[in-house]
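A short reminder: the numbers here are calculations on the coordinates, not readings from a lab. Note that the structure is a prediction, hence the values are computed from the model and not measured. Positions of Cβ are generated from backbone atoms using ideal geometry, with glycine treated the same way; all protein chains shown enter the neighbour counts.
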Amino acid sequence: MDYPALAGRIATLTEGETDAVALMATVACEVHHSDARFDWTGFYRVVAPGLLKVGPYQGGHGCLVIPFGKGVCGAVAREERALVVPDVEAFPGHIACASTTRSEIVLPVFDASGALIAVFDIDSNLPDAFDEADRAGLGAILRDTFERG
């Protein structure tokens, strides 16, 4: 995966945009279509203390609401750190929004003030589909897109 090229495309497409939902929609679309491993790509937005709701995404239906205490997305929101899950069946409390999902990567999304505004979730139907290069590349894109002042 060529994360620098993907980051460049996203930066060009989002230049001057400040609306978080518009940014999320663009990032979800560009990331989803950049790699065949990605079966569901999207955001869960922080809408209340301890609560995520589905935001812009690409792929099949996502879960509508995820409490911070549930699943991989909830754990990332609660702990404010990225998680790579090679086997979702082995993750305690995993929420199966799609029965075909085998592995997952979820990253926290912060705004320019450092507040958690969402988590970015990518599901794959392949086991062990994600690694540290994905975490680093995606993390850089999220920082560049959402934390800019």
## Note on the structure
Highest GNM mean-square fluctuation among 34, 99, 124, for the chain with Cα springs under 10 Å, belongs to 99
### Query
Highest GNM mean-square fluctuation, the chain, Cα pairs closer than 10 Å: which of 106, 21, 76?
21
### Query
Given 0.36 nm per residue, what is the gain on full extension from residue 37 to residue 22 after removing their alpha carbon distance, in nm?
3.0 nm
### Query
Roughly speaking, what is the stretch gain from residue 126 to residue 143, that is 0.36 nm per residue apart minus the C-alpha to C-alpha distance, in nm to one decimal?
3.5 nm
### Summary
region 1-30 and region 112-149 have their Cα centres apart by a whole-number Å value of 12 Å
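What is the extension gain from residue 95 to residue 133, computed as 0.36 nm multiplied by their sequence separation minus the C-alpha to C-alpha distance, in nm to one decimal? Before the final figure, lay out the partial values.
Details: separation 38, 0.36 × 38 = 13.68 nm, distance 2.48 nm.
Full-extension gain reported as 11.2 nm.
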### Message
Once you place label points 7 Å from the Cα toward the Cβ at residue 111 and residue 9, how far apart are they in nm?
### Response
2.8 nm
### Query
So which cysteines of the chain have no other cysteine's Cβ under 4.7 Å from theirs?
29, 73
### Förster radius 22 Å - calculated FRET efficiency between residue 53 and residue 78, Cβ distance, rounded to 0.05
0.90
### Query
Anyone know which of 123, 35, 111 comes out most mobile in the 10 Å Cα GNM of the chain?
35
### Query
Amide H of residue 110: which non-local residues (sequence gap of 5 or more, or other chain) have their own amide H closer than 5 Å, using H built in the peptide plane?
117
